[in-house]
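*Asks:* Structure provided below as structure tokens; questions to follow.
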Amino acid sequence: MKTFIKSSAAIAGVNLFEEKSHSRPQLSEGGVINALEPDYSRYIQPRAQRRMGKLLKMSVATAFKSLEEAGIDIPEAIVVGTGLGCLNETEKFLDEIIVNEEGLLSPTSFIQSTHNTIAGQISLLKKCYGYNYTYSDRDNSFENALLDASMLIEEGHKNVLLGAADEITEMALNVMTANGCLLSKTGDKIFRQGEGAAFFTLVGEMTDVEFKATLKCNDGQLKESMSSWTEDQNIDLKNTLCYSLNPGSLSNIEGWGPTVDFSFIAGIYFTAMAIGMYLGHDYLTSQKHIDIIEEKPSRNFKSVLIHNGGIFGDHSFILLCRS
Amino acid sequence: MSQPVYISGMGIISALGDDWSLTHQALVHEKSGIKVLNHLPTNHQFLAGEVHKSNAELAQLCGQKDHYSRTILLGAVALKQALVDAGLENTKDVMFVNGTTVAGMDISETLLRKRQDDQPLDFSKFYQHDCGFCTDQLARSIGVKRAMTISTACSSSANAIMTGMRLIESKKAECVIVGGTDALSIFTLNGFNALKILDPEWCKPFDTNRKGLNLGEGAAYLVLESKSHLESRGAKAKATVLGYGHANDAYHQTASSPEATGATLAMNRALNKAGVSADDIDYVNAHGTGTNNNDSSELTAFLNVFGTKNKAYSSTKAYTGHTLGAAGAIEAVISIMGMINGEVYPSLNISEPMDERQPIQSVTSLKQSTIMSNSFGFGGNCTTLIFGHP
């Protein structure tokens, strides 16, 4: 059973949610790419908005937009990946505990701090009694959610709402910086920390874009793994467009096709690969590059590889093809 | 109906003890592990199911360094046991599915408290905070490369068992180590206290006068294998996973619906998947936290699924406390232990049962061939697992 993408929606540093023409994101203090929050009122009631933090609003809005575009009211299953979950709420509750020395506390932040708040809120708002899962595996959170979602389609689910979201806080930026996560191995590139959300409606029935496979390997195995994987998947790298968060880490591979660096769209964060999949789906559907990509490859491509490599650890690839 | 998946080994650590036989001794002697907190650096005096070992002692037990989070140390102890119990030496193609909710929260709390004492924060030390690090470190400790972390609150490790079965069914793996780990933390203790669902006394699930839950900590892992994988290495199965059921209650972020919509769906889906009827279930290990809301909702689910017939059931949370993300796996191991030994471990502390359909209240001999275990969590997550003999 094959898995197809029916629709997608994303919120990032570049306004992918509302606009057809885009401008490059503004860097905030500290060089962070903050997500550009749209007007949520089409998807979330003002009262509900006030109860939700940024991460939850971005997730619910992209989830609902994706479902709307797919023409599906209630999905059969919801699968979410998040590297760090509801960080703002977690930090807020931790601060309250310490400042109040474990005195009387409001449970609000605690309730919203669990990783499955995102998937739980979507099912609550949609009255979705189906499968509801949350994966949290650092830079592999979205890929594991994607693996599960495609398993659900194989098992016979007609549709699955799949998404990923992460938010940036000052604390997270400090931790990432202190652990050297934002500097390339050779030290010549500084990765901009970012945040965002992207949701997809996956279906078993054919659409324009098929999700084919994922690959994860370490730097030492890259050449070997790539050559056997491309053979298995029957793709020609030269004729495959690559959206990468770190193109520099692919320089050792020969016969590579054109590579577009998409790290400026939403910055780097644990589930930024979901933004890459949004771009890949958008390209394969329209056969056009998003306007703000400066050096646009001129040929048309039938397959797109999304790549994250060497920033947090292993290389990771997602392969999409035009059906 | 599906082919069963085989369980060849199990490991467990909780307030009852740090291995299978200590756990069994406590269970058959009706000796709860819940005491006044000793290791957790909190101002509160709550009773909790704390593992009676320091981080240094746990580190020695599992061969990990003691600077790792307590969640990792507890996990590594149970994981090591599970591998030894299964006699599994080659983990090259094995997958690991881990459930956790707090991960390295204990480390983050300790670091943040230092700021209160006007010491500068060392940001580089927060690398243990997230769930993924916890899983990766546990996977490294057993030489496993492919790992997944499920964080669905109190159903996390039950969901890990379900995912393990699905991975084997879909032939993505032949052998998957599944389960979960969670340590007590200041974060969760104060969170549940703010929700006003901690019983200041010993918790009493399914008692009319129940006042809430006692928290706990621990870890449990199960080695799941396909039949061919089990046979190819000449290993023996101790039990089987017959089926799973999963649903969302879609009612409230933290509370269960009075109609028990999600719980009923999960239980019925599990029966359907396992290809057994409600009458075939010999024992149910309830989620039974001891909160007003959970226990009344869960009994409604029992009524919906089993009718008015009296079904043997109990909650073992008055033994271990509610171990959150680890609860599903810990209770799966305890239920399977009961099935193997032909015993049911009771709901403790009951003086006035809340319903005519009473839970088992003392250790009882009961031959069981098919058993059920429930796990529910925040966010409306409901998971039911069904186990049997090989």
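*Asks:* Could you compute how fast the range B:37-186 diffuses translationally, taking Rh as the Kirkwood radius over C-alpha pairs and applying Stokes-Einstein at 10 °C with viscosity 1.306 mPa s? Give it in µm² per second.
*Replies:* Values: Rh = 16.3 Å.
Calculated translational D: 98 µm²/s.
*Asks:* I would also like to ask the following. Would you work out which of A:Tyr129, A:Ser249, A:Leu162 lies farthest towards the positive end of the dipole of the range A:118-276? Charges go on Cβ: Lys and Arg +1, Asp and Glu -1.
*Replies:* A:Tyr129
*Asks:* Rank these for me by crowding, A:Ser8, B:Ser315, going from fewest to most other beta carbons within 10 Å. Present the calculation step by step, with values, prior to reporting the outcome.
*Replies:* On the way: A:Ser8 27, B:Ser315 30.
Starting with the residue having the fewest Cβ neighbours, the order is A:Ser8, B:Ser315.
*Asks:* Over chain B, what is the relative contact order in percent, taking alpha-carbon pairs closer than 8 angstrom and at least six residues apart?
*Replies:* On the way: 1034 pairs, mean separation 91.9, N = 390.
Once normalised by length, the contact order is 24 percent.
*Asks:* Right, another one. May I ask you to list the trypsin sites (Lys or Arg not before Pro) in the range B:193-226 that are in a DSSP loop and have at most 10 other Cβ atoms within 10 Å of their Cβ?
*Replies:* Working: sites: B:Lys196, B:Arg210, B:Lys211; in loops: B:Lys196, B:Arg210, B:Lys211.
Hits after loop and neighbour filter: B:Lys196.
*Asks:* Further question: Please list, ordered by chain and number, the residues whose modelled amide H lies under 5 Å from the amide H of B:Phe206; skip anything fewer than 5 residues away on the same chain.
*Replies:* B:Gly290
*Asks:* Sticking with this structure for a sec: Quick one: compute the contact order of chain A, relative version, from alpha carbon pairs under 8 angstrom and 6+ residues apart, as a percent.
*Replies:* On the way: 700 pairs, mean separation 79.3, N = 323.
Answer for chain A is 25 percent.
*Asks:* Just add up the charged neighbours of A:Lys65: K/R +1, D/E -1, any other residue whose Cβ is under 15 Å from the Cβ of A:Lys65. Walk me through the intermediate numbers first.
*Replies:* Values: positive: A:Lys6, A:Lys20, A:Arg42, A:Lys57, A:Lys126; negative: A:Glu18, A:Glu19, A:Glu37, A:Asp39, A:Glu68, A:Glu69, A:Asp73, A:Asp282.
So the surrounding residues net to -3.
*Asks:* Let me check I've understood the local charge: for B:Asp279, count other residues with C-beta under 10 angstrom from its C-beta, Lys and Arg +1, Asp and Glu -1. What total comes out?
*Replies:* It works out to a net charge of 0.
*Asks:* What is the diffusion coefficient of the range A:168-322 in µm²/s, taking the Kirkwood radius over Cα pairs and the Stokes-Einstein relation at 37 °C with a viscosity of 0.692 mPa s? If you can, show how the numbers build up before the last one.
*Replies:* On the way: Rh = 16.2 Å.
My calculation gives 203 µm²/s for D.
*Asks:* Once you place label points 7 Å from the Cα toward the Cβ at A:Met1 and B:Lys171, how far apart are they in nm?
*Replies:* In this crude label model, A:Met1 to B:Lys171 measures out at 1.5 nm.
*Asks:* How much of the DSSP beta bridge set in chain A is antiparallel, as a percent to the nearest 5?
*Replies:* On the way: 34 of 53 bridges.
Once the DSSP bridges in chain A are tallied, antiparallel ones form about 65 percent.
*Asks:* Between 0 and 90 degrees, rounded to the nearest ten: what's the tilt of helix A:54-70 against the longest Cα principal axis of chain A?
*Replies:* 50
*Asks:* Taking Cα atoms, how many degrees apart are the long axis of helix A:87-99 and the longest axis of chain A, rounded to 10 and kept between 0 and 90?
*Replies:* Relative to chain A, helix A:87-99 is tipped by roughly 30 degrees.
*Asks:* For chain B, what is the mean residue ellipticity at 222 nm derived from helices alone (per DSSP H run of n ≥ 4: -39500 (n - 2.57); sum divided by total residues; nearest 500 deg cm²/dmol)? Don't skip to the end; give the middle numbers.
*Replies:* Details: 12 runs with 134 residues, N = 390.
Taken over chain B, the calculation gives -10500 deg cm²/dmol.
*Asks:* Which links in B:Lys273/B:Lys311; B:Lys35/B:Lys227; A:Lys296/B:Lys145; B:Lys65/B:Lys114 stretch past 31 Å when you go from one Cα to the other? Each step should come with its number before you reach the end.
*Replies:* Details: B:Lys273/B:Lys311 20 Å; B:Lys35/B:Lys227 42 Å; A:Lys296/B:Lys145 37 Å; B:Lys65/B:Lys114 22 Å.
Checking Cα-Cα distances, B:Lys35/B:Lys227; A:Lys296/B:Lys145 exceed 31 Å.
*Asks:* Here's a follow-up. For chain A, what is the calculated [θ] at 222 nm in deg cm²/dmol (nearest 500), taking -39500 (n - 2.57) for each run of four or more DSSP H residues and dividing by its residue count? Write down the numbers at each step before the final one.
*Replies:* Numbers: 10 runs with 102 residues, N = 323.
Dividing the helical sum by the residues of chain A leaves -9500 deg cm²/dmol.
*Asks:* I'm a student and want to see the number: the projected area of the Cα convex hull of the protein assembly as shown, averaged over all directions, in nm². If you can, show how the numbers build up before the last one.
*Replies:* Working: hull surface 112.8 nm².
Across all orientations, the protein assembly as shown yields a mean hull projection of 28.2 nm².
*Asks:* Using a Förster distance of 22 Å, how high is the FRET efficiency between A:Asn174 and A:Asn100, based on the Cβ-Cβ distance and rounded to 0.05?
*Replies:* Details: r = 23 Å, r/R0 = 1.07.
After rounding, the FRET efficiency stands at 0.40.
*Asks:* Let me ask something additional. Could you identify which residue out of B:Gln119, B:Gln128, B:Gln64 has the top mean-square fluctuation in a GNM of chain B using Cα springs shorter than 10 Å?
*Replies:* B:Gln119
*Asks:* For a Förster distance of 25 Å, can you work out the FRET efficiency between the beta-carbons of B:Lys236 and B:Ser21, rounded to the nearest 0.05?
*Replies:* On the way: r = 19 Å, r/R0 = 0.74.
It comes out at approximately 0.85.
*Asks:* Test of understanding: in a Gaussian network model of chain A with alpha carbons linked when under 10 Å, which of A:Arg47, A:Arg138, A:Arg192 would top the mean-square fluctuation ranking?
*Replies:* Fluctuation is largest for A:Arg47.
*Asks:* Sticking with this one: Jot down the radius of gyration and Dmax of the range B:1-118, Cα atoms only, both in angstrom.
*Replies:* In order Rg, Dmax, the Cα atoms of the range B:1-118 give 17.0, 61 Å.
*Asks:* How far, in nm, would the chain grow between A:Asp236 and A:Arg24 when pulled straight, counting 0.36 nm per residue and subtracting the alpha carbon separation?
*Replies:* On the way: separation 212, 0.36 × 212 = 76.32 nm, distance 3.16 nm.
Residue separation times 0.36 nm, minus the Cα-Cα distance, leaves 73.2 nm.
*Asks:* With labels modelled as points extended 7 Å from the Cα through the Cβ direction, what inter-label distance (nm, one decimal) is found for B:Ser124 paired with B:Asn43?
*Replies:* Rounded to a tenth, the inter-label distance reads 3.3 nm.
*Asks:* Something else: Give a residue-ordered list of calculated ³J(HN,Hα) values for the range B:239-246 (Karplus: 6.51 cos²θ - 1.76 cosθ + 1.60, θ = phi - 60°; whole Hz; x for Gly, Pro).
*Replies:* So the Karplus estimates, Gly and Pro as x, are 6, 10, 9, 8, x, 9, x, 9 Hz.
*Asks:* Helices from chain B with mean Kyte-Doolittle at least -1.0 and a Cα length along the axis of 18 Å or more, per DSSP H: which? Spell out each step's value before the answer.
*Replies:* Numbers: long enough: B:70-86 (24 Å, 1.11); B:156-169 (20 Å, 0.43); B:261-274 (20 Å, -0.04); B:292-306 (21 Å, -0.27); B:327-341 (21 Å, 1.52).
Long hydrophobic helices here: B:70-86, B:156-169, B:261-274, B:292-306, B:327-341.
*Asks:* Name the most mobile residue of A:Lys20, A:Lys92, A:Lys158, meaning the one with the largest mean-square fluctuation, in a Gaussian network model of chain A with Cα contacts below 10 Å.
*Replies:* A:Lys20
*Asks:* Here's a follow-up. Take the alpha-carbon centre of the range B:325-382, take the same for the range B:1-69, and report the distance between them in whole Å.
*Replies:* 18
*Asks:* Hey, another quick one. May I ask which of A:Lys20/A:Lys216; B:Lys80/B:Lys317; A:Lys189/B:Lys125 have a Cα-Cα span longer than 28 Å here? Numbers along the way, then the final one.
*Replies:* On the way: A:Lys20/A:Lys216 33 Å; B:Lys80/B:Lys317 24 Å; A:Lys189/B:Lys125 24 Å.
Over 28 Å apart, Cα to Cα: A:Lys20/A:Lys216.
*Asks:* Just to be sure I understand the curve: with the Debye formula and one point per C-alpha of chain B, what is log10 I(q)/I(0) at q = 0.07, 0.11, 0.12, 0.14 Å⁻¹?
*Replies:* At q = 0.07, 0.11, 0.12, 0.14 Å⁻¹ the computed log10 ratios are -0.27, -0.69, -0.83, -1.15.
*Asks:* Where does the range B:305-371 land on Rg(C-alpha)/(2.2 N^0.38 Å)? List each step's numbers first, then the result.
*Replies:* Details: Rg = 12.3 Å, N = 67, 2.2 N^0.38 = 10.9 Å.
The value comes to 1.13.
*Asks:* So what is the relative contact order of the range B:1-122, in percent, for Cα pairs below 8 Å that sit 6 or more residues apart? Walk me through the numbers before you get to the answer.
*Replies:* On the way: 129 pairs, mean separation 30.6, N = 122.
With pairs under 8 Å counted, the relative contact order is 25 percent.
*Asks:* Using 0.36 nm per residue, how much length does the chain from B:Gln253 to B:Thr110 gain when fully extended, once their Cα-Cα distance is taken away? Working shown, then result.
*Replies:* Values: separation 143, 0.36 × 143 = 51.48 nm, distance 2.83 nm.
So the chain would gain 48.6 nm between B:Gln253 and B:Thr110.
Since every read-out is calculated from the coordinates, none of them should be taken as a lab result. Computed from a prediction, not measured in an experiment: that's the story for all the values here. So basically every Cβ, Gly included, is an ideal-geometry build from the backbone, and we count neighbours across all protein chains shown.
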